[in-house]
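Please read the structure below before turning to the comments.
The values are calculated or read from the model by the stated rules, or taken from the named source; none is laboratory data. Given the structure is predicted, the values throughout are model-derived calculations rather than measurements. Cβ placement follows ideal geometry from the backbone for every residue including glycine, while neighbour counts extend to all protein chains displayed. Heavy atoms of the whole protein, side chains included, go into the accessibility calculation; ligands, DNA and RNA do not. Shrake-Rupley method; radii C 1.70, N 1.55, O 1.52, S 1.80 Å.
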Amino acid sequence: MTTSLPSPSSGPVASEHSAAESTEHHPDHRLFGLATFLVADGMTFAGFFAAYLTFRAVNPLPEGAVYELELLLPSINTLLLLVSSFTFHRAGSALKRDDRPLCRRWLLVTAILGLSFLAAQLKEYFSLPFGLTDNLYGSTFYAITGFHGLHVTLGSLMILIIWWQSREGGRVSSQNRFPLEATELYWHFVDGVWVVLYGILYLL
Amino acid sequence: MTLSTPSNLADTQEHLRWQRYFGFSTDHKVIGLQYLVCGFLFYFIGGALAGALRTELLTPISDFMPREVYNEVLTMHGTIMIFLWIVPVVNGAFGNYLIPFYVGARDMAYPRLNAVAFWMIPPAGLLLISSYFLGGASQSGWTAYPPLSLSTAATGQVIWILSVLLLGGSSIFGAINFVATVLKMRRPGLKMMQLPMYCWAMLGTSILVLLSTPVLAGTLVLLSFDIVAHTGFFNPAMGGNAVVYQHLFWFYSHPAVYIMVLPAFGLVSEILPVHARKPLFGYTTMVYSIMAIVFLGLIVWAHHMFTSGTPPWMRLFFTIATSFIAVPTGIKFFNWLATLWGGSISLNTAVMFSCGFIVNFVFGGITGVALAQVPFDIHVHDTYFVVGHFHYIVYGGTVFVIFASMYHWYPKVVGRMLNEPLGQLHFWLTFIGLNLCFAPQHWLGLNGMPRRVAEYDPQFQFINQLSSAGALLMAVSTLPFLINVIWSAYRGAVAGDNPWNALTPEWLTSSPPPEHNWHGEAPLVHEPYGYGLKSPAAS
Amino acid sequence: MGTLQLTPRIITLFIGIALVLVGLWVGQNVNLLPVDASVNAPLYDQLFKVLFSIGTTLFIGIVGMVVYSLMRFRRRSGTVTEGAAVEGNLPLEILWTAIPAVVVLFVGIYSFDIYDRMGGMVPMHDHSMAGMETMHEPEASGPGQKTWAGISSVSVEGQPPVAAVPIEVTAMQFAFIFRYPEADIISGELHVPAGQPVSLRMTANDVIHAFWVPEFRLKQDIIPGQPTLLSFTATRPGSYPIVCAELCGAYHGGMRSTVIVEPPEEFANWVAKNSPVKATPASATLIS
Ligand code: HEM
Ligand SMILES: [Cu+2]
Ligand SMILES: [Cu+2]
C-alpha cells in the first residue's frame, strides 16, 4: 500500500480555483442513479410476484373462481412492447447521429405502441369475468397489471414529453441526450417486467 | 455552475447562517444536520411516548390511559423511533455529513435528490402524528399485522401507511445517493479498499434499503387496498392470507434491523481507532463481514415467524441462516477488541459510549442467537424477552453509537468541544438506566409476560417498576446531554481543525468545514487508519 | 507477537477455563424459568441451560476484555503516545471466525435435536381428518380443512404411544373457548389429564391470537383461516395461566384463561360430570 499521509495540521492548502475544478465537474451519474432506482422498483414487482405465487400455492380459490385467461390480447401486447423497445432504440441512435426528425418519428411510433398497449389492457379489463374485489386471484391480477400499467402510462407520457422537447430548438438534442436515454432505460425496464409478468400471470 | 471558494472567514460564517437550515439547501452538511436535528426532535417525542407506556406499566391494571390509547401510543412509539429517529439519523444525518468528506467530494452525487429525500421526512412525521387528531392513530403495533390492522382504527391505519410510504421513499432516495457517491464520486486515486469503514457500512446498508424497502412499500399498498377498497389480500374472511403479509413485512423488517445497525458499526469503526491511536484491526475482514451480513440479512426474515404456522423445513432453514449471522458479526466485535488492545486509549465520552455499545450489543447479540433457535423462540416469542432483546440492540447498540458520534464529531461540526464531565455523567446515567430498564424484561418474558399489554399478572409488578425506574433514569440522562450541546455551542473550548489528531479526511479541513468542504484540493488519504505508522502528531 | 511466552499463554488458558466454569455454574444454578409442567418443558430447560452457559462465558469474556483494555491501555492525560501499528493478524482472524462458526453450528444442531424431541419435526397429521393426510401439501385437502404447522404429539420416551385427547380451541376477541368433541363439552377453561398427550386444533374467529402456557414452554399462533395444531403432554398437576401472546386489540392484555392439569381419574370425573354424552364408546376411550 502506498502511503501518502497529509499531515493533519498542515491546514488548508490554499489554491483558489484549481481544486474546485478537479472535483466539481464530475461525470454525469444520473443514468447510474436511475438504474439503481430501477433495481428498487424491480423489487416492488418481485414482492408482488412472490405474493401472487404464494397465494396461488397455498390459498385454494373458491368454487367457480378458476379462470382460463384469454391469451390472444396479452400476447399481442407483449409483442407491442417488445417492438416498442426496438423503436425506442432506433430513436436513440437517430438522436446520436443528430438526426432529430427521424428521432422524433421513432419516438412517436414508440408512444403510439405504448398507448395501444394501454388501450388493449383496458379492453382486456372490461372483458374479464372477475372484478377487483371478487376474490384473491382477481385482486392480485388487477394489482399487478395495474401497477405495471401505471408504469406504462408514466413512460408513454415521458416519451411524449421528450418528443415535444426534441423539436427544433427544444432542449433535447444530440448534446443533451440525458432525458431521452433515461426514458429509454426506464422503458426497457418496463418492457422487461412485462415479459416476466406475462410469463407468471398468463402462461404459468 | 458558479462556485465561490470561500477565501475569508466572513464567507465561512455566511454559509452557516441558521436560516439555511430551514430551507431547501442542497449542501450535504446542511442536509446532514437537518436530518440530525429533525431526528432528535422525533426522538424526544418518541421518548415521551415511551415514558407514558412505562407509567401505565407501573401497575398491573390499566389505569393511566384507556387501553385503546395505550395501543396507539405503543404503535406511535415504535414507528417514530424506527422510521423517524434511528433510520434517518444513523443513515441520513451521519451519512450525508461524512460520506462526501470520506470519498473526497464536494457534495453527494445528487444534491437535489438529497434535499428532496430529507424534505419528505418532516411532512411524513407530521402526518403520522396528525392521525391522533384525525380520528385516532393506528393501534396495531409498528408491525401492523392484518387482520387486526384491517379492523381497528381504519383512518389511523391508512395515515400510518401513507406516512411509512413517504419515509420509505425518502430512505430509497437516500440510498441511491449513497451508492452513487461511494461508487462513483471517489476522488481520483482513491481506491475502494482505502475508504473509511463507514463508507462500506453505508454501501451495504444502502443495498439492503434498495432491495428490501420496495417490498415493504408494495405490501403496504396492498394492505391499504384491503382497508380502503375492500380487497382481501391479507383478509382471511375474504379468502386472503394473513401470513403472507408477515413474510413480506419481515422481508423488509429484518434487513431493517441491519439498516439500523450496520451504519452504527461503521461509525464505531471510525471512532475507536482515533482514540485508541491504532489502525482499525482487520480492515479486509471487516469489509467482507459487512457484505456477508448484507447477504445473510436478506435470507433470515422468517425467524420472526416461528409460531406463525410455518412448516418445519422453513424453521430449520431460518434457524441455521440466522445463527450464522453471528459469525460475521462476531468478527467485527473481535476486530474492535483487537483495535483497543495495545492501544493508547483516551477514555473520553466518545470512547465510553462506543465501549458501552460493544457491551450492550454483545448482550443483545447473545440473546439474539438464542432467539434464533426455534425451540427457544417458541417460548419467548412475542414476550418481554424480545422487547429486552431488541432494545439492547437498538438502544444499547445504535443509540449509544449515535451519542458516541455526537461527542466525536461535534467539534468538527460546531468548532467547539463538548464538555467532558457532563458527557461522562450522560454516559453513566444512560448506561445504568438502559440496563436497569431492559435487563429485567428478559426475566419477565421467560416467566409469562407477553409484550404489547397494558395490564399484566400482578406478580410481575415489582420487576416492571424496576424497569420503569430505569426508563426514568434514561429520561433524566438526556438533560446533561441537552445542556451540554447547547452550552458548548457558545462556551465550549475552541476545538481547532483536528482536536483528536485524526487521519480521516473530514478532520483535514477547518472546523466547521467551509462551504465546499475543502480549502483547495481534496486530500488524498490512502491510510485513513495509519496511526502509529507515521507520526501524524508532529505539530 | 514473537514475545509470546509460555506464561501469558498459560494465563490465557486458565482464564478461559475459569470462564467456562463460571458459565457452566451460572447455567446450572441460576434459574430464570417458571416451573416445568409438560413433557417438553425439561427439554427446553436443558437447552436454556446450555445457551445460558455459553452466553455467560462469552459475555463475561468479552466484557472482561473491554474493561481490561480500557484500564490497561489507558492513555495518561497529557501524553501523546501512539498505539502499536498492528493492522491485522490473519491466523487470529481465521481463529475467531472458525470458533464462533463451530459454536453456532453446535448450538443449531443441538437445538434441532431438542426441537425434534419436542415433536416439532414430526410430520403432522390432522386428527380431525382421521390422521390420514400429510399436512404440507396444499392440494391434499379442500379449503378450511388443512392444518398448518404447529407441534405434533410425540409419545413420552420409552413408553408406548397413547392416543391424544383431541380438543378444539377457538380464539376470539378476547377469549379462548375449548371444545371436547368426543365428550361434547364446551368450556372456558382447559382441563387436561396429566401424562396423556393432548392435541389442540386451533382456529381464530377474528384476528390473530396466540396460545401460550409459560409453564409448558409452548406457544402457537391462532390464525384466522389457517387452523394450527399444538400437541403436548402435561406432567405436573396444577393450574397454569393461558396467555394470549399476539396483539389482538384493546383488551389483549386481559385475554387470559387457565389450564388445569389433573390426574387422569380426576380428569375422567370432570369429563363425566360435564359431558351430556353418557358412556358412549368415544368418551369411554377418552377416559380409559
Ligand atoms: C446477532 C444478531 C441478531 C440475531 C441473531 C437476532 C435474532 C432475532 C430474532 C430471532 C428475533 C425474533 C424474536 C421473536 O419475535 O420471537 C429478533 C427480534 C428483534 N430483533 Fe433481533 N437479532 C439480532 C440482531 C438484531 C439487530 C442488529 C437489531 C436491530 C438493530 C435487532 C432488532 C430486533 C427487533 C426490533 C426485534 C423485534 C421485532 C418485533 O417483533 O417487533 N436484532 N431478533
Ligand atoms: Cu430479525
Ligand atoms: Cu388475543
Name the single residue that is nearest to ligand 2 (Cβ to nearest atom) among those in segment C:206-221 being under 17 Å from C:VAL39 (Cα atoms) and free of Cβ contacts under 8 Å to residues at least 40 places away in the same chain.
C:LYS219
Members of segment A:162-204 that are under 29 Å from A:PHE45 (Cβ atoms) and in a loop (DSSP other than H, G, I, E, B):
A:VAL172, A:ARG177, A:LEU204
Is there a residue being over 21 Å from C:VAL102 (Cβ atoms) and either at pLDDT below 95 or facing chain C (nearest Cβ under 8 Å) (or both) anywhere in segment B:315-330?
yes
Against the condition under 30 Å from B:ALA454 (Cα atoms), modelled with pLDDT of 95 or more, more than 16 Å from ligand 3 (Cβ to nearest atom) and open to solvent by less than 10 Å² (accessible area, probe 1.4 Å), how does B:GLY356 come out, does it pass?
no
Residue among B:GLY47, B:GLY78 that is out of contact with any strand residue (DSSP E or B) (no Cβ under 9 Å at 6 or more places or on another chain), open to solvent by less than 20 Å² (accessible area, probe 1.4 Å) and part of a helix (DSSP H, G or I)
B:GLY78
Identify, please: which residue in segment C:177-214 is modelled with pLDDT of 95 or more, within 16 Å of ligand 3 (Cβ to nearest atom) and more than 14 Å from chain B (Cβ to nearest Cβ) and is, among those, surrounded by the most Cβ atoms within 10 Å (Cβ to Cβ)?
C:LEU190
When segment B:220-239 is examined, which residues are found to be more than 15 Å from B:ALA153 (Cα to Cα), within 14 Å of chain C (Cβ to nearest Cβ) and in a helix (DSSP H, G or I)?
B:PRO236, B:ALA237, B:MET238
Of the conditions (1) more than 22 Å from the chain's Cα centre (by Cα); (2) in a loop (DSSP other than H, G, I, E, B), C:GLY195 clears all except one; give me its number.
(1)
B:THR329 - would you say it is touching an Asp or Glu at 6+ places or on another chain (Cβ under 7 Å) and within 16 Å of ligand 1 (Cβ to nearest atom)?
no
Filter segment B:370-384 down to the residues that are within 14 Å of ligand 2 (Cβ to nearest atom), more than 7 Å from chain C (Cβ to nearest Cβ) and open to solvent by 10 Å² or more (accessible area, probe 1.4 Å) and list them by number.
B:LEU371
Tally time: how many residues in segment A:92-103 are open to solvent by 30 Å² or more (accessible area, probe 1.4 Å) and within 16 Å of A:TRP187 (Cα to Cα)?
1
Considering each residue of segment B:255-279, count those that are away from ligand 1 (no atom under 16 Å from the Cβ) and either in a helix (DSSP H, G or I) or at pLDDT 95 or above (or both), and give that number.
7
Counting just the residues of segment B:371-398 that are of a type in the set (Gly, Ala, Ser) and closer than 22 Å to B:GLY470 by Cβ, which one comes out nearest to ligand 3 (Cβ to nearest atom)?
B:GLY388
